[in-house]
Ligand SMILES: C[S@@+](CC[C@H](N)C(=O)[O-])C[C@H]1O[C@@H](n2cnc3c(N)ncnc32)[C@H](O)[C@@H]1O
């Protein structure tokens, strides 16, 4: 059988067996089979990229491997953990169970943060950026690749996530433009080197309430680290700490930008207003009109 015939046969076999999650819109029957096929051929790419790559013929061993990878997927192992690749902001990241799989919806945050970074580097020439709760390092690394005038400090409380970020830094960046640290939010940065010096803080924090975390789809809850989701009883524990602590690190007129869960926008905006430290408090919505990103600038009068 040739490539087209094998592909069609697998397509028919899997049509009613695979499930796809709303928060991974890039995954469908065709992109999944293509990504698994390319991984079996030793050419791993993300589901997003697989759509544009033509499939090579597979030898007998590679066909066996493809069947094994299909079995993993049918057992609900996330596609990105099988291929070890996930696209974010057009960049191919290494992904594995050490950290959350970067989501398409987080590109709303990535794009806003990149836009703010360009505003800063246009006026100052360069920018110092924090990516806290960095996971696989996707936000900080994509900002550094797409705005080379940024120096990025990434951090995460999970040692495993930090190790994965380090591998993505080696894979995707040059010139020590991105560094990563294990840190409980800002704890490793409490020094004069960082206080009042940061131009942009970007964060995709855990923001799902503990009660909802246990009810998540098993593909997520059985595979991705719970630490990436659990935002405490009301879901906003880390966000509250982020808003309280970031002014200490932001330079005057520095920006804080972060992702929020659906329905959290109004509450979070009020929290920012209450501090009397931030100005230009604003938000970005998704295609359904939900606030998904909140951003604010530290007042120029505060040190
Ligand atoms: C929603 S994931 C975001 C990962 C990545 N930035 C992204 O956008 O795909 C949240 C991350 O926050 C980390 N985290 C949870 N609590 C933390 C804390 N107190 N301090 C630092 N990182 C934390 C988790 O380990 C996880 O990697």
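Nothing in this text is a laboratory measurement; each read-out follows from the coordinates by a stated rule. Fair warning: this is a prediction, and the values are worked out from it, not measured in the lab. As a convention, Cβ positions derive from the backbone with ideal geometry for all residues, glycine included, and neighbour counts pool all protein chains shown.
For region 192-269, just the Cα set please: Rg and Dmax, both in angstrom.
When restricted to Cα atoms, region 192-269 yields Rg and Dmax of 14.6, 44 Å.
For the residues 246, 158, what sequence is obtained by ranking on other C-beta atoms within 10 Å, fewest first? Write out the running numbers ahead of the final one.
Details: 246 25, 158 19.
Final ranking by Cβ density, sparse to dense: 158, 246.
Order 285-292, 173-180 from most to least packed using the mean count of other Cβ atoms within 10 Å. If you can, show how the numbers build up before the last one.
Working: 285-292: 12.9, 173-180: 16.1.
Result, highest mean first: 173-180, 285-292.
Measure nothing fancy, just the Cα-based angle from helix 29-40's long axis to the longest principal axis of the chain, in degrees from 0 to 90, nearest 10.
Approximately 80 degrees, to the nearest ten.
Of 242, 79, how do they rank once you tally other Cβ atoms within 10 Å and put the fewest first?
Numbers: 242 21, 79 28.
If I rank by nearby Cβ atoms, fewest first, I get 242, 79.
Give me the percent relative contact order of region 104-298, please, defined on Cα pairs under 8 angstrom at least 6 residues apart.
On the way: 384 pairs, mean separation 38.0, N = 195.
It comes to 19 percent, rounded to a whole number.
Based on the Kirkwood radius over alpha-carbon pairs, what is the Stokes-Einstein translational diffusion coefficient of region 59-183 at 4 °C with 1.567 mPa s viscosity, in µm²/s? Let's see the in-between values first.
Numbers: Rh = 15.4 Å.
Reported coefficient: 84 µm²/s.
What is the Cα centroid distance between region 255-303 and region 6-32, reported in whole angstrom?
Computed from Cα coordinates, the inter-centre distance equals 37 Å.
Where the eigenvalues come from the Cα gyration tensor of region 3-83, what are the semi-axes √(5λ) of the equivalent ellipsoid, largest first, in whole Å? Could the numbers behind the result be given before it?
Values: eigenvalues 63, 37, 31 Å².
Gyration-tensor ellipsoid for region 3-83: 18, 14, 12 Å.
What's the Kirkwood radius of region 1-46 in Å, using all Cα pairs? Numbers along the way, then the final one.
Details: mean 1/r = 0.0880 Å⁻¹.
In region 1-46 this quantity evaluates to 11.4 Å.
Can you give me the angle between helix 265-275 and the longest principal axis of the chain, using Cα atoms only, in degrees from 0 to 90, rounded to the nearest 10?
So the helix axis and the longest Cα principal axis differ by about 30 degrees.
Expressed as cubic angstrom per residue, what is the convex hull volume of the alpha carbon set of region 104-298?
Normalising the Cα hull of region 104-298 by residue number yields 117 Å³.
Give me the angle, in degrees from 0 to 90, between the Cα long axis of helix 3-14 and the longest principal axis of the Cα atoms of the chain, rounded to the nearest 10.
70
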